[in-house]
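Colleague: One structure follows; several queries about it will come next.
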Amino acid sequence: MSNSTIRWEQDADGVVVLTLDDPSSSANTMNDAYVRSMGETLDRLDAEKGSLRGVVLTSAKKTFFAGGNLGGLIQATPETKDVVLANVTLVKRQLRRLETLGLPVAAAINGAALGGGLEIALACHHRVVLDDPKVKLGFPEVTLGLLPGGGGVVRSVRLLGLTTALLELLLQGQQLRPEKAVKLGLAHETAADRDELLAKARAWVLANPDAAQPWDTKGYKVPGGTPSSPSLASSLPAFPANLEKQLKGAPYPAPAAILAAAVESLQVDVETAFVVEGRYFLDLVVGQISTNMIQALWFDLNRINGGGSRPSGPEKYAARKVGVLGAGMMGAGIAHAFAKAGVDVVLKDVGVEAAEKGKAHVAGLVGKQVSRGRMAQEAADALLARITPTGDAADLAGCDVVVEAVFEDQALKHRVLSEAEAHAAPDALLASNTSTLPITGLAEGVQRPADVVGMHFFSPVDKMPLVELIVGRDTSDEALARAYDVVRQIGKTPIVVQDSRGFFTSRVFGTLVMEGAALLAEGLAPMSVERAALQAGFPAGPLTLLDEVTLTLPLKIRDEAAKAGIADEHPGVAVLRAMVEQGRTGKAAGQGFFDWQPEKRVWPGLSGLFPSKAPDAQDAVPFHDAQERLLFAMAVETARCVEEEVLTSVEDANIGSIMGIGFPPLYGGVLQYVDQYAGGVAGFVARADELADRYGERFRPPAILLERAVPAGSLRAAVAG
Ligand code: NAI
């Protein structure tokens, strides 16, 4: 077996250890070499099984098996349907052969087994898992718009029962730690180290010569029953409704396909169930949404996390001691993020009491983790011990990174940055968490403007995975590279944008919420505005978002822009002003578009200010137009950002929009939305013109879109070129 991705080692007891070890890659995936190697290995097992007592399957990589070959899957189209189906059927047939060979097979899971990796493990009769926090088991396919098509739906449903498999594994793509996997019944036992892992697997195969899968064992009953058993049959009708509720009407095809495949797979024999699963998989994999999601959430994200937008010259950097200025909501969150990554933090506010309040906020966050069993008490204590609250700038001595998060006030930021510059390490990175103030202006307050960079976190910091790095006029490559590395050090994802009003995320987020306000003014009922967003795939409606950020904030930003001579005639502005005049400033005040107490409901006075039109009125905004206006407003503004070179990569735009401002992941991000629109960029441009003619010039496509509105034109190609 030359160039095999599976190594064969046989011991004196007749146990074969098969080690997955793709020589061409750092991880094992379901590529052609795997399929060929698996075929050869199965032939040999079959031929030699008379002299063998069992099989242990393990891996030589850090992960057990990384999963499907996404580079191949993303290229699947309706035209290549037959080839895709043949491939996935072959993979499945091989795994079926493995579990029915007549030899006991145990998986020794030494690293993460996600997607295809878990499918292989489930085709083994027994699963031993290395008890290591890095080891995760799960089916993340749904998060890429897919389902586990290598037998994962069929086997997990038969093993765990329909409800458990759907809720704990398949529908949300949970990644389970070893002990949770054992508790759920997905794996059988854990092992403390690699030797014990292999020893346990080997012992099991020797002790179980007649091993068979539960579903191949006579009299096996699927936990919880099948759809024809009365208890399950009576609860089944609620499943689709619950799913719809959970997705808030967003048009994700994968969860519905998983549900259908899971239910149908239980109504037929195993072999037929594989066929059913394969058909649902095929529909998803050749569709546009899985393409979008794989592109953004796998390829674009990996490129960014791998340093795609980082200047390549400077050496890799790691922060040792960080000074955080301002211990308010953001400062405390930033301190937590660094301390969690093992970095010492000096948390400075106007006085030590204020700084202690910030630290107390961090203590609250980790306390919650401990009480939920997600963090050990010792780890929590160690994390908190890394944070030193202070009111004295002299304590910043030795800090190699400073992040300021004081009030949004340029003069104050100048003062605290220059004070930090005087006390911190002589070459310390000087970062600002400002959400609106130009970085170039902030850098004017310090001696070393080349070391100043924008490091814009999102709220709440402990939940939001994105950081927007802003390059000022004087920011050096060295400073940007350091900032990039520091963001990666705390496990977040950095995008890089140029200094400009609103940077990228705030500017484009603004177009979404203002469009929502405009729709309200044009007579769309408030809940229809919200539903338009939710059913387009946004996590929240624009009116809710406005209430959450407070209505005065966008107005303040606009007033400042006006002072700088930038006029903005957006029809949403009048809506916000009218609301603020009524004292309805948002959630913090308990009243905005919604009354927030005792529970959230639309403010009854809203219909007096902005009467709704009947949906069938002649001048009513059609619901589909409303949905597209939200998406197009963001996409057109992003295209302008590209044109103005505020953005310089498609990946930054897509990932920033999904992870920072809630652009629907099903479209693969805000620029992928343009490229994947029916008819491509040309189709998008034609529709944008229609929207502009009917609703306003803000939808008029900018030149960069017109240039790309040619056959096979794409924005991705435009920016890459
Ligand atoms: P905050 O009002 O909760 O906290 C500001 C803190 O700065 C207060 O604790 C205050 O005592 C402290 N402070 C004031 N003067 C100081 C000085 N001379 N030295 C040290 N500390 C001082 O404000 P928040 O929301 O945390 O915002 C901070 C910054 O983060 C602002 O620039 C804001 O624009 C930005 N930002 C805010 C986001 C949000 O969602 N709130 C999101 C992203 C950025």
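Colleague: List pairs: first residue in the stretch 198-216 and farther than 15 Å from D11 by Cβ, second residue in a loop (DSSP other than H, G, I, E, B) and not aromatic (F, W, Y) anywhere in the structure, Cβ distance under 6 angstrom, at least six positions apart or on different chains.
Modeller: N208/P104; A211/P104; A211/H125
Colleague: Conditions first: (1) among the aliphatic types (A, V, I, L, M); (2) more than 16 Å from the ligand (Cβ to nearest atom); (3) part of a helix (DSSP H, G or I). V496 passes all but one, so which condition is the exception?
Modeller: (3)
Colleague: Hey, another quick one. Can you list residue pairs whose Cβ atoms sit under 6 Å apart, with the first residue in the stretch 370-391 being within 27 Å of A354 (Cβ to Cβ) and the second being loosely packed, with under 15 Cβ neighbours inside 10 Å and not hydrophobic (A, V, I, L, M, F, W, C)? Count only pairs 6 or more apart in sequence or on different chains.
Modeller: V370/Q377; G391/G351
Colleague: Checking the condition open to solvent by less than 20 Å² (accessible area, probe 1.4 Å) and either more than 19 Å from R194 (Cβ to Cβ) or not assigned by TED's automatic domain parsing to the domain that holds P214 (or both), which residue from L20, L90, L101 passes?
Modeller: L101
Colleague: Of everything in the stretch 605-618 that's open to solvent by 80 Å² or more (accessible area, probe 1.4 Å) and free of Cβ contacts under 8 Å to residues at least 12 places away in the same chain, which residue is farthest from the chain's Cα centre (by Cα)?
Modeller: So the residue we want is Q618.
Colleague: Tally up the residues in the stretch 452-474 that are within 21 Å of A425 (Cα to Cα) and crowded, with 24+ Cβ neighbours inside 10 Å, please.
Modeller: 4
Colleague: Scan D400, D381, D392 and give me the residue that is acidic (D, E), surrounded by fewer than 18 Cβ atoms within 10 Å (Cβ to Cβ), more than 16 Å from the ligand (Cβ to nearest atom) and at pLDDT 95 or above.
Modeller: It is D381.
Colleague: Collect the residues in the stretch 324-345 that are within 20 Å of P460 (Cα to Cα), assigned to a strand (DSSP E or B) and more than 11 Å from the ligand (Cβ to nearest atom), keeping them in residue-number order.
Modeller: Of everything in the stretch 324-345, just one residue is within 20 Å of P460 (Cα to Cα), assigned to a strand (DSSP E or B) and more than 11 Å from the ligand (Cβ to nearest atom), namely V345.
Colleague: Going by the structure shown, is A479 part of a helix (DSSP H, G or I), in the same structural domain as D616 (by TED's automatic domain parsing), open to solvent by less than 10 Å² (accessible area, probe 1.4 Å) and small (G, A, S)? First the steps, then the outcome.
Modeller: Details: part of a helix (DSSP H, G or I): yes; in the same structural domain as D616 (by TED's automatic domain parsing): no; open to solvent by less than 10 Å² (accessible area, probe 1.4 Å): yes; small (G, A, S): yes.
When the stated conditions are applied, A479 does not pass them.
Colleague: If the requirement is being hydroxyl-bearing (S, T, Y), open to solvent by 20 Å² or more (accessible area, probe 1.4 Å) and under 27 Å from Q175 (Cβ atoms), which of these qualifies: S59, S26?
Modeller: Within the list S59, S26, the selection yields S26.
Colleague: Right, something else. Please go through the stretch 669-721 and pick out each residue that is of a type in the set (V, I, T) and under 26 Å from S290 (Cβ atoms).
Modeller: Within the stretch 669-721, V670, V674, V681, V685, V719 qualify.
Colleague: Would you confirm, using the coordinates I've provided, whether L232 is touching a strand residue (DSSP E or B) at 6+ places or on another chain (Cβ under 9 Å), of a type in the set (A, V, I, L, M, F, W, C) and either more than 19 Å from E119 (Cα to Cα) or not in a helix (DSSP H, G or I) (or both)?
Modeller: No: the conditions fail for L232.
Colleague: Hey, another quick one. How many of the residues in the stretch 411-441 are more than 10 Å from the ligand (Cβ to nearest atom) and either assigned to a helix (DSSP H, G or I) or modelled with pLDDT of 95 or more (or both)?
Modeller: Qualifying residue count, the stretch 411-441: 18.
Colleague: Of the conditions (1) buried (at least 24 other Cβ atoms within 10 Å of the Cβ); (2) of a type in the set (S, T, N, Q); (3) within 24 Å of G472 (Cα to Cα), S649 clears all except one; give me its number.
Modeller: (1)
Colleague: Count, please, the residues in the stretch 48-97 that happen to be in contact (Cβ under 8 Å) with a residue 60 or more places away in the chain, in a helix (DSSP H, G or I) and touching a helix residue (DSSP H, G or I) at 6+ places or on another chain (Cβ under 8 Å).
Modeller: 10
Colleague: I would also like to ask the following. Taking A354, is it in the same structural domain as D427 (by TED's automatic domain parsing), among the aliphatic types (A, V, I, L, M), surrounded by 16 or more Cβ atoms within 10 Å (Cβ to Cβ) and not in a loop (DSSP other than H, G, I, E, B)? Don't jump to the end; show me each part of the working.
Modeller: Values: in the same structural domain as D427 (by TED's automatic domain parsing): yes; among the aliphatic types (A, V, I, L, M): yes; surrounded by 16 or more Cβ atoms within 10 Å (Cβ to Cβ): yes; not in a loop (DSSP other than H, G, I, E, B): yes.
It is true that A354 is in the same structural domain as D427 (by TED's automatic domain parsing), among the aliphatic types (A, V, I, L, M), surrounded by 16 or more Cβ atoms within 10 Å (Cβ to Cβ) and not in a loop (DSSP other than H, G, I, E, B).
Colleague: Any residue that is under 28 Å from the mean Cα position of the chain (by Cα) and closer than 23 Å to G308 by Cβ - is there at least one of those in the stretch 693-707?
Modeller: So far as the stretch 693-707 goes, no, none of its residues is under 28 Å from the mean Cα position of the chain (by Cα) and closer than 23 Å to G308 by Cβ.
Colleague: Let me ask another. Which residues, taken from the stretch 505-544, are free of Cβ contacts under 8 Å to residues at least 40 places away in the same chain and in a helix (DSSP H, G or I)? Steps first, answer last, please.
Modeller: First, pick out the residues of the stretch 505-544 that are free of Cβ contacts under 8 Å to residues at least 40 places away in the same chain: 530, 541.
Scanning the stretch 505-544 gives a single hit, E530.
Colleague: Here is a further query. With respect to the numbered conditions (1) surrounded by fewer than 16 Cβ atoms within 10 Å (Cβ to Cβ); (2) within 16 Å of the ligand (Cβ to nearest atom), which one is the sole condition not fulfilled by E315?
Modeller: Failed condition: (2).
Colleague: Let me ask something else. So, in the stretch 442-451, how many residues would count as being within 14 Å of the ligand (Cβ to nearest atom) and open to solvent by 10 Å² or more (accessible area, probe 1.4 Å)?
Modeller: Adding up the residues that qualify gives 1.
Colleague: For E707, are the conditions met, namely being among the acidic types (D, E) and not in a loop (DSSP other than H, G, I, E, B)?
Modeller: Values: among the acidic types (D, E): yes; not in a loop (DSSP other than H, G, I, E, B): yes.
Yes, satisfied.
Colleague: Next up: Working only within the stretch 184-227, note down all residues that are more than 17 Å from L160 (Cα to Cα), among the polar types (S, T, N, Q) and either open to solvent by 60 Å² or more (accessible area, probe 1.4 Å) or within 35 Å of the chain's Cα centre (by Cα) (or both).
Modeller: Answer for the stretch 184-227, where residues must be more than 17 Å from L160 (Cα to Cα), among the polar types (S, T, N, Q) and either open to solvent by 60 Å² or more (accessible area, probe 1.4 Å) or within 35 Å of the chain's Cα centre (by Cα) (or both): just T190.
Colleague: A further question follows. Please work out if K321 is more than 9 Å from the ligand (Cβ to nearest atom), buried (at least 17 other Cβ atoms within 10 Å of the Cβ) and not aliphatic (A, V, I, L, M).
Modeller: When the stated conditions are applied, K321 passes them.
Colleague: Name the single residue, out of those in the stretch 360-378 being open to solvent by less than 50 Å² (accessible area, probe 1.4 Å) and part of a helix (DSSP H, G or I), that is farthest from the ligand (Cβ to nearest atom).
Modeller: Here the answer is V370.
The values are calculated or read from the model by the stated rules, or taken from the named source; none is laboratory data. Note that the structure is predicted; figures quoted are calculated from it, not measured. Don't worry about glycine lacking a Cβ; one is built from the backbone with ideal geometry, like all the others, and counts go over all protein chains shown. Please note that ligands, DNA and RNA were not included when accessible areas were found on the heavy atoms of the full protein model with its side chains. Shrake-Rupley method; radii C 1.70, N 1.55, O 1.52, S 1.80 Å.
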